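Peer 1: Pasting a structure below so you can have a look.
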Amino acid sequence: MSTPGTRARRVFISVATLLLTAGWSANHFASVLVALREQLNLSPLLVNGAYGIYALGLVPSLLVGGALADRFGGRLVALAGSLIAVVGNSILMLFHGAPGLLTGRFIVGLGVGLVVSAGTAWAARLNGAAGSTLAGIVLTSGFALGPVISGLAEFAFSPLWLPFVLSIIASLMAVVFSLRTGDMPRRILAVAEDPQVDPSASSRKALATSVPVAMWVFAAITTAFVGLAARVAEYFETGVFLPGIAAAVGFGAGLAIQAAGRRWGWGPGSGVVGILCAGAGFLVVALGGEAPSLPLFFLATVLLGLGYGLCLRDGLLDVNAYSPASHRGRVLGAYYVATYVGFALPPLMQVLEPRVGPSVPFAVLTAIAVAAAVLRSWQIRTGYLNRT
């Protein structure tokens with residue numbers, strides 16, 4: 001018979017596996033889209049659009065998933081999301097025309113959004129702030145693994161269906177493990193919330209502090225493994241590996257910096273550093289132009305990965321510090337919506353670059369990032385953002 005501590009750890013592992021496979025199922029398409037473009041001669045706009053339409057499915061499900069997690073708990077919502085993502089990846093495996101790609105990616109977004117918001121809320125309920133930041137680390141690991149595994153599978157074995165099968169199997173295994181593991185009883189938090197605190201006001205403060213870092217999370221990392229990777233394709237025999245390389249370097253930097261922040265307990269100032277890292281990465285991309293050198297590619301990818309990791313971690317900590325427990329799922333959903341705005345960047349750049357060139361949009365992003373860093377610094381200096 002297992003002890004409560006052992007059971008709690010096992011439940012948390014089940015949450016982590018759902019988040020890991022959700023990240024994998026969402027992001028492995030970064031490598032597959034290169035294979036689709038090379039083997040089926042699909043237009044770059046269609047392929048990047050299929051990558052970005054995922055965010056359209058994600059946004060409503062993040063909000064709905066968070067609200068449902070507040071009402072019913074995170075487990076059932078996360079399980080449903082994993083199964084929906086399996087359906088989306090099955091469509092992508094079977095249909096490679098425009099309707100199949102767009103529909104499949106949209107459905108994957110619906111499923112992943114439920115897992116991300118409900119799963120993170122579930123992790124925070126189990127382990128507080130530590131659970132929330134660990135959820136971010138695990139999700140990042142899934143985002144990193146997806147393109148690497150799919151790129152290797154596609155390069156070694158070639159069939160387009162194989163990366164989807166691997167992702168589907170991993171997701172189903174996570175669902176089975178969670179069904180067998182169950183959940184811990186929902187209980188009243190040890191520290192009661194102040195009855196005088198208005199939950200909506202606290203939620204507004206949580207978003208006012210977290211959104212200035214949230215908008216750089218996926219704007220940074222998608223620039224690395226979608227936009228920037230395409231600019232250095234000439235250095236490689238096949239482009240299939242490039243998203244995997246960019247994901248390994250960028251997400252690797254993000255994982256390392258999140259782990260360091262967790263180990264040494266960095267405060268809200270690390271969010272300022274994260275925004276500036278993202279801005280520096282955009283500046284390097286702008287300087288590299290249409291055909292950056294490999295050293296510039298790796299430098300920009302590391303900077304963008306550091307920005308991703310620091311911004312994701314700090315935003316989650318802001319939400320955990322300021323949002324009331326009764327509304328945390330909703331606030332987490334809204335926070336993740338702000339992060340996923342960055343997924344619109346690759347198709348937006350595809351439209352802008354022929355009109356204004358490859359450097360101007362990233363120079364503008366650099367300036368906006370500096371402004372966001374100044375805003376967060378002001379919040380800290382005035383005491384508005386004062387979590388420890």
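Nothing in this text is a laboratory measurement; each read-out follows from the coordinates by a stated rule. Computed from a predicted model, the values in this text were never measured in an experiment. Every residue, glycine among them, receives a Cβ derived from its backbone with ideal geometry; neighbour counts consider all protein chains shown.
Peer 1: If a/c stays under 1.5 just call it rounded; otherwise compare a/b with b/c (prolate if a/b is bigger, oblate if not). Do that for segment 218-294, with a ≥ b ≥ c from the square roots of the Cα gyration tensor eigenvalues.
Peer 2: In terms of gyration-tensor shape, oblate.
Peer 1: When only Cα pairs under 8 Å and 6 or more residues apart are kept, what is the percent relative contact order across the chain? Intermediate values should be presented prior to the final figure.
Peer 2: Numbers: 737 pairs, mean separation 93.6, N = 388.
24 percent.
Peer 1: Quick one: net charge of residue 297's neighbours, Cβ under 15 Å, K/R +1, D/E -1? Spell out each step's value before the answer.
Peer 2: Numbers: positive: 231; negative: 234, 290.
That works out to -1.
Peer 1: So, R0 is 51 Å and r is the distance between the beta-carbons of residue 179 and residue 384; what FRET efficiency does that work out to, to 0.05?
Peer 2: After rounding, the FRET efficiency stands at 0.70.
Peer 1: Classify the chain from the C-alpha gyration tensor, please: rounded if a/c falls under 1.5, else prolate or oblate depending on whether a/b exceeds b/c.
Peer 2: oblate
Peer 1: What is the Rg over Rh value, at two decimals, for segment 280-388, using alpha-carbon atoms and the Kirkwood definition of Rh?
Peer 2: 1.04
Peer 1: Which residue, 46, 76, 294, tops the fluctuation ranking in a GNM of the chain built on C-alpha contacts under 10 Å?
Peer 2: So, out of 46, 76, 294, the one fluctuating most is 294.
Peer 1: Looking at 73, 58, 43, which one has the Cα that reaches farthest to the positive end of the dipole of segment 1-105 (charges on Cβ: Lys, Arg +1; Asp, Glu -1)?
Peer 2: The residue sitting most towards the positive pole is 73.
Peer 1: Related question: Using the Cα atoms of segment 1-138 to build a convex hull, what is its mean projected area in square nanometres?
Peer 2: Seen from a random direction, the Cα hull of segment 1-138 projects 8.9 nm² on average.
Peer 1: Could you compute the net charge surrounding residue 50? Neighbours are other residues with a C-beta less than 13 Å from the C-beta of residue 50; K and R count +1, D and E count -1. Each step should come with its number before you reach the end.
Peer 2: On the way: positive: 37, 105; negative: none.
That works out to +2.
Peer 1: Now for a different question. Using a 7 Å offset from the Cα along the Cα-to-Cβ direction at both residue 72 and residue 287, what is the distance between the two label points in nm, to one decimal?
Peer 2: Those two pseudo-labels are separated by 5.2 nm.
Peer 1: For residue 375 paired with residue 169, estimate the spin-label separation in nm (one decimal), with each label point 7 Å from Cα along the Cα-to-Cβ line.
Peer 2: 4.5
Peer 1: I'd like to know which of 323, 155, 214 lies farthest towards the positive end of the charge dipole of the chain, counting +1 on Cβ of Lys and Arg and -1 on Cβ of Asp and Glu.
Peer 2: Ranked along the dipole, the leading option is 323.
Peer 1: Here is a follow-up. Taking the chain as a Gaussian network, Cα atoms linked when under 10 Å apart, which of 361, 159, 44 shows the biggest mean-square fluctuation?
Peer 2: Result: 159 has the largest fluctuation of those listed.
Peer 1: For the chain, what is the charge dipole size about the Cα centre, in debye to the nearest 20, if Lys and Arg each add +1 at the Cβ and Asp and Glu each add -1 at the Cβ?
Peer 2: 1140
Peer 1: Identify which of 207, 40, 83 has the largest mean-square fluctuation in a Gaussian network model of the chain, with springs joining Cα atoms closer than 10 Å.
Peer 2: Checking each option, the largest mean-square fluctuation is seen for 40.
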